[in-house]
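Inspection log for the structure reproduced underneath, given as structure tokens.
All of the numbers you see were taken from the coordinates with simple rules; none came from a lab. What you see is a predicted model, and the numbers here were worked out from it, not measured in a lab. No Cβ is skipped: glycine too gets one built from the backbone with ideal geometry, and neighbour counts run over all protein chains shown.
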Amino acid sequence: MPIYEYRCQTCNREFEYLVIGKADPECPDCSSTKVCRLMSACGFLSKGSGGETVKTAAADSGCSGCAATSCSSCGH
């Protein structure tokens, strides 16, 4: 079950929502269902060459302002 980020179009609050089935997200502040899903920066953990854990996020890449959904599209 994925967790998505949303912004309420009524009160402008940003919030996370655990999607269960086909449930529609509702703003926790004003209870509005007029929300839009936001693009989230993915984060992941990987192992370095020495076995150490390396924390990385897409937002940390050298491509500031990049709108691509994957770094594989530009090679970075």
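Shown in residue order for region 25-39 are the 3J(HN,Hα) couplings computed by the Karplus curve 6.51 cos²θ - 1.76 cosθ + 1.60 at θ = phi - 60°: x, 10, 4, x, 8, 10, 6, 6, 9, 8, 10, 10, 7, 9, 7 Hz (x for Gly and Pro). Label-to-label distance, M39 versus Y4, with points set 7 angstrom from Cα along the beta-carbon direction: 1.6 nm.
With a Förster radius of 35 Å, plug the Cβ-Cβ distance of D24 and S49 into 1/(1 + (r/R0)^6) and report the FRET value to the nearest 0.05.
Numbers: r = 45 Å, r/R0 = 1.29.
Computed FRET efficiency for D24 and S49 comes out at 0.20.
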